[in-house]
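J.: Sending over a structure as structure tokens; questions will come in a sec.
The values are calculated or read from the model by the stated rules, or taken from the named source; none is laboratory data. It should be emphasised that the depicted structure is a prediction, and the values quoted were computed from it without experimental measurement. Virtual Cβ from ideal backbone geometry, glycine too; neighbours counted across all protein chains shown. Calculation scope for accessible area: heavy atoms of the full protein, side chains included, ligands and nucleic acids excluded. Shrake-Rupley method; radii C 1.70, N 1.55, O 1.52, S 1.80 Å.
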Amino acid sequence: MTRSLASVADGLRFRTSAWIDGEFVPATSGRTYTSENPATGRPLAEIAEGGAEDVDRAVRAARRAFDDGAWSNASPSERKRTLIRFADLIDAHRDELAATETLDAGKPIADVRALDIPDTAATIRWHAEAIDKLYDQVAPTGPSAVAMIVREPAGVVGAVIPWNYPAQMAAWKLGPALATGNSVVIKPAAQTALSLLRIAELAGEAGLPAGVLNVVPGPGDVVGVAIARHPDIDVVAFTGSTEVGRSFLHHSADTNLKRVVLELGGKSPQVVMADAPPLDAIAPKILDAIFWNMGENCSAGSRLIVHRSRRKELVERLVAAATQEWLVGDPMEDETRIGPMITRGHLERVLGYIEAGRRDGARLVAGGRRVLEDSGGHFLAPTIFDDATNDMRIAQEEIFGPVLTVIPFDTEAEAVAIANDTPYGLAASLYTENLRTAHRMARALRAGTVGVNAYSEGDLSTPFGGYKQSGFGGHDKSVHAHDQYTELKTIWIDMTEAEA
Ligand code: NAD
């Protein structure tokens, strides 16, 4: 850790109350819960434990703000100016936010400083810059009518987000929802509320009117459910597990039919064809795809589907790099590439999958065990299973940890069939030097994003969403994300002269 970052970390003062109607407030119940540092297992902060009454308070503030129009009726260029100030403030507080995120979520500081926090600011800025360049439409009527097709903000947006990219996932919701004029009530994951609470305060400093952005921390089965069922929320955007995502559809159906947008889990394939680029070039990309962010990544490339002719050499390279280059350690140290799992419970869950892989007959060739136990943190060595088949649990279920499952194939048709044979369809990577193969297979892979000769989620200009049980109802990023936060209205104006 650099000296300047160490002094930032030492001086951190966490925001731990809910952010409602432009100010920090305790939970109505007065209750708090303890958030821990996953690298030490020790308490980090006492955070306001929101309840249904706090969601209600936040929704009332959000609705009032929406109705008074200071934000919802502001001109797009005014909203743009405020959101760009907001993005600039996030950039200006990069070290503080990065240190907060690393201590709270265990994510390696080098990644958080270089990617998560800059991307959080860039996301807000991208949507801000887009908003005064999008035109509405006039329908092709004759002169007897003028028909305008206009986009209007949906109203009050609820958002519920996970712990793996706390700041970034918040920005993926806030960027498009705020740019299009909505008010928002957002719930961070209970484990990782700290960066978002500070980011909300920065939004206030940037001039976002009180009540437009509200943050209610607390448990998913209380605060998340209260958002999902609230009768005065118009749209709910959820990122998290498929199981919890599914419950949002039930809640919507049982209450006010709010629009539901779900970004869910994955079991993404990385397909290496016989004519893939040189293995030296692709091995680092393959490992990035599974070990980046400890594999706690919805689009992690957790299944390596490799042509039998390249398997042995590729696996040897991957094992060498996994053990020599993917350093497990204190996430506050710059050279660390793998920090702790988010909680002890999650570590146990991942170890359970490793046990299942062994039992089902896959061959463990790297990792597979807990490390750095003396730290009190939840560390796991990067793990590779070779010679697996796609029916094994480690090939079918989302592990959400640094565990790669290698599955060999012989023909292109077999590779596509294996790649598509899961309930998920979030992302896929494909390695081939043949352009025809690349086009043909990119179409055949049932996934929302297909990276060719790259592990990629695209950039801010490309939509991100899932096929099959990886998503529902919309996308994050790009102008396509604006659709889910807006209503489409037709205004039909009769131009015929009234008869006297
Ligand atoms: P999770 O589903 O347990 O929790 C996500 C959020 O929902 C948290 O804020 C949590 O408090 C809340 N929640 C939990 N139970 C709830 C309930 N019963 N009702 C309402 N809300 C509830 O997921 P997680 O463990 O935080 O995150 C990991 C999951 O998120 C993985 O499945 C991962 O693939 C997915 N994810 C998807 C994307 C994407 O864009 N597709 C991005 C990141 C993570």
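J.: If the reach is capped at under 18 angstrom between alpha carbons, list the lysines near residue 267, excluding any in the same chain fewer than eight residues apart.
T.: Of all the lysines, those that pass the test against residue 267 - Cα under 18 Å, at least 8 places apart if same chain - are 285, 468.
J.: Here's another thing I want to ask about it. Please go through the residue pairs 133/477; 80/173; 107/173; 80/258 and name each one whose alpha carbons sit more than 18 Å apart in this structure.
T.: Cα-Cα > 18 Å for 107/173; 80/258; rest within.
J.: So which helices of the chain fit the span-like rule, where a helix is a whole DSSP H run, its Cα atoms reach 20 Å or more along the axis, and its mean Kyte-Doolittle is at least 0.0?
T.: Counting only whole DSSP H runs, the qualifying helices are 117-131.
J.: Pull out a ≥ b ≥ c, the square roots of the eigenvalues of the alpha-carbon gyration tensor of region 368-489, then state rounded if a/c is under 1.5, prolate if not and a/b is larger than b/c, and oblate in the remaining case.
T.: Verdict is oblate for region 368-489.
J.: So the label point goes 7 Å from the Cα of residue 389 along Cα→C-beta, right? Which residues of region 318-361 then have their backbone N under 16 Å from it?
T.: 357-361
J.: Can I ask one more? Out of all DSSP beta bridges with both ends in the chain, state the antiparallel percent to the nearest 5. List each step's numbers first, then the result.
T.: On the way: 31 of 68 bridges.
Antiparallel: roughly 45 percent of the beta bridges in the chain.
J.: Leaving ligands, DNA and RNA out of it, rank 115, 12, 426 by accessible area with a 1.4 Å probe, largest first. Working shown, then result.
T.: Numbers: 115 80, 12 35, 426 5 Å².
Most to least solvent-accessible, the answer reads 115, 12, 426.
J.: How large is the translational diffusion coefficient of region 58-114 in µm² per second when you combine the Kirkwood radius over alpha carbon pairs with Stokes-Einstein at 10 °C and 1.306 mPa s?
T.: Details: Rh = 13.7 Å.
Result for D is 116 µm²/s.
J.: If I take every Cα pair under 8 Å that is 6 or more residues apart in the chain, average their sequence separation and divide by the length, what percent do I get for the relative contact order? Please list the in-between numbers first.
T.: Details: 1176 pairs, mean separation 90.6, N = 500.
The value is 18 percent.
J.: Counting each DSSP H run of 4 or more residues in the chain as -39500 (n - 2.57), what helix-only mean residue ellipticity at 222 nm follows after dividing by all residues, to the nearest 500 deg cm²/dmol?
T.: -11500 deg cm²/dmol
J.: Starting from the Cα gyration tensor of the chain, take the square roots of the eigenvalues, sort them a ≥ b ≥ c, and report rounded, prolate or oblate (rounded when a/c is under 1.5, otherwise prolate if a/b is larger than b/c, else oblate).
T.: oblate
J.: While we're on this one: Considering every pair of different Cα atoms, what Kirkwood radius, in Å, is found for region 266-306?
T.: Values: mean 1/r = 0.0954 Å⁻¹.
So the Kirkwood estimate lands at 10.5 Å.
J.: So, R0 is 22 Å and r is the distance between the beta-carbons of residue 205 and residue 77; what FRET efficiency does that work out to, to 0.05?
T.: Once rounded, the FRET efficiency stands at 0.60.
J.: Next question. Region 3-18 to region 207-281: how many Å between their Cα centroids?
T.: 29
J.: If you don't mind, there's one more thing I want to ask. Leaving out ligands and nucleic acids, and using a 1.4 Å probe, what accessible area per residue does the chain come to in Å²?
T.: So the chain comes to 40 Å² accessible per residue, rounded to a whole number.
J.: Then there is this: Given the peptides 247-253, 146-152, 16-22, arrange them by the average over their residues of other C-beta atoms within 10 Å, most packed first.
T.: Final packing ranking: 16-22, 247-253, 146-152.
J.: Quick one: work out the % antiparallel among DSSP beta bridges in region 314-430, nearest 5.
T.: Taking every DSSP beta bridge within region 314-430, about 55 percent pair in antiparallel fashion.
J.: Leaving ligands, DNA and RNA out of it, rank 346, 93 by accessible area with a 1.4 Å probe, largest first. Kindly include the intermediate steps, with their values, before the conclusion.
T.: Working: 346 20, 93 45 Å².
Ranked list, largest accessible area first: 93, 346.
J.: Also, I was wondering about something else. What percentage of the solvent-accessible surface of region 32-167, computed with a 1.4 Å probe over protein heavy atoms, is contributed by carbon and sulfur atoms?
T.: Roughly 53 percent, rounded to a whole number.
J.: Hey, another quick one. With every protein chain left in place and a probe of 1.4 Å, what is the accessible surface of residue 96, to the nearest 10 Å²?
T.: Taking all protein chains as shown, residue 96 has close to 40 Å².
J.: Taking square-rooted eigenvalues a ≥ b ≥ c of the alpha carbon gyration tensor, is region 8-125 rounded, prolate or oblate, where a/c under 1.5 means rounded and, failing that, a/b exceeding b/c means prolate?
T.: oblate
J.: Quick check for me: using +1 on Lys/Arg Cβ and -1 on Asp/Glu Cβ, what's the dipole size of the chain about its Cα centre, in debye to the nearest 20?
T.: Here the size comes out at about 660 debye.
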